[in-house]
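All remarks here apply to the structure that follows.
The values are calculated or read from the model by the stated rules, or taken from the named source; none is laboratory data. Fair warning: this is a prediction, and the values are worked out from it, not measured in the lab. As a convention, Cβ positions derive from the backbone with ideal geometry for all residues, glycine included, and neighbour counts pool all protein chains shown. To get the accessible areas, we keep the full protein, side chains included, count just its heavy atoms, and leave off ligands, DNA and RNA. Shrake-Rupley method; radii C 1.70, N 1.55, O 1.52, S 1.80 Å.
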Amino acid sequence: MENYYNISWLEQDKLHKTSILKRLFYFFSRPLLSIYASQFLSTQTLKILQPSLVLPGRGMPLETRRLWGAALCKTREATILVQGTGTGWDVISWARLKPKKIIATDLFEFKDSWSEITNYCKKILNVEIEFYQSPLEDHSFIKDESIDLCASDAVFEHCQDLKSVLKESFRVLKPGGILYATYGPLWFCAGGDHFSGRGGLQNCFNHLLLDSEQYMKYFLSFLQTNEDFQSGGRYVELDLFSRLSSKEYCELFKEVGFQIKDLILQLDPKSLAFKTEFSEIFRQLCDKYTNKYEDDFLISANLVRLLKPSSS
């Protein structure tokens, strides 16, 4: 295993901030962006998934996603569960909405940053934070129906047993509670392993096209001596991937009992460029995975709001 390092939570928070002017630009241009991006998807995919929007890679800055994710609940009265928080930097963006309380969990413990963020949010934002090291499949320390909003970013694509994660989310949510999640890159798009694409566009589907021995040679040849702890290198070594398509995610949500309130699809510019520049290889890719739609290789991310139905 290579050496891994963490980007500080303060730096991550700064990197994800977007200016008000850019947010306004995206707000007014999103409908047009969606019309433009939808033309790259088939009528069949649009009919099956029924997305609220289709975006061409960008269009939903972090601050917008937070407001969108929390819009269906009374945020000031809410207890939010942030799932797969990592260093905890994303907790700050939720704390800025001033919820009643935030519980944040991750499979790994980041003791130093968690302590600093807890103090920061209490002192600067006056929001109570609790961090726990725990697998997302087992949050037995959280009572049934005690959470108003479950939230995660770039987590579901790494859950090997996503169904169990969703069941646990369903358990802790109050009736009428909301699950917000953004996840990607999806496994079947360019760089779906968070690694392929190193060395050029021609490599961006290596995780799907190469056999296991060829892929490992490619992986080792481009693995750096020092990698970000949350980089593709670590995910590949731990095999932390759900390997689901957009349709399969949606089917799983419904199977667990959630209602899909909104689904936003995000296209991958590299996938579209690969399809144009390496059309023959792209066709080989489609022929290899006959149980997938061609669009599955173009969709990079999903943004969803799911509802836990109220008891009858």
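At-a-glance table
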| item | result |
| --- | --- |
| Residues of segment 20-52 satisfying the condition of being open to solvent by 40 Å² or more (accessible area, probe 1.4 Å) and touching a Pro at 6+ places or on another chain (Cβ under 9 Å) | Lys22, Arg23, Leu33, Tyr36, Phe40 |
| Test: residue in segment 132-152 that is modelled with pLDDT of 95 or more, outside any loop (DSSP other than H, G, I, E, B) and closer than 30 Å to His207 by Cα | yes |
| Residue list for segment 71-81, filter: of a type in the set (Val, Ile, Thr) and either within 18 Å of Gly184 (Cβ to Cβ) or open to solvent by 10 Å² or more (accessible area, probe 1.4 Å) (or both) | Thr75, Thr79 |
| Selection from segment 96-108 of residues that are in a loop (DSSP other than H, G, I, E, B) and farther than 20 Å from Glu11 by Cβ | Leu97, Lys98, Pro99, Lys100, Leu107 |
| Residues within segment 109-129 that are open to solvent by less than 40 Å² (accessible area, probe 1.4 Å), part of a loop (DSSP other than H, G, I, E, B) and not β-branched (Val, Ile, Thr), tallied | 1 |
| So Arg198, is it among the basic types (Lys, Arg) and part of a strand (DSSP E or B) | yes |
| In segment 130-148, the residues that are more than 12 Å from Thr85 (Cα to Cα) and open to solvent by less than 80 Å² (accessible area, probe 1.4 Å) | Glu137, Asp138, His139, Ile142, Ser146, Ile147, Asp148 |
| Residues of segment 154-178 that turn out to be part of a strand (DSSP E or B) and touching a helix residue (DSSP H, G or I) at 6+ places or on another chain (Cβ under 6 Å), as a count | 0 |
| Unmet criterion (only one of (1) over 15 Å from the mean Cα position of the chain (by Cα); (2) open to solvent by 20 Å² or more (accessible area, probe 1.4 Å); (3) not charged (D, E, K, R)) for Trp68 | (1) |
| Sole residue being open to solvent by less than 30 Å² (accessible area, probe 1.4 Å), under 19 Å from the mean Cα position of the chain (by Cα) and not acidic (Asp, Glu), chosen from Ala154, Ala181 | Ala181 |
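A quick yes/no check of all residues on (1) modelled with pLDDT of 95 or more; (2) within 29 Å of Asp161 (Cα to Cα); (3) more than 21 Å from the chain's Cα centre (by Cα); (4) part of a loop (DSSP other than H, G, I, E, B):
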{"position": "Leu32", "(1), (2), (3), (4)": "yes, no, yes, no"}
{"position": "Tyr36", "(1), (2), (3), (4)": "yes, no, yes, no"}
{"position": "Phe40", "(1), (2), (3), (4)": "yes, no, yes, yes"}
{"position": "Ile80", "(1), (2), (3), (4)": "yes, yes, no, no"}
{"position": "Trp94", "(1), (2), (3), (4)": "yes, yes, no, no"}
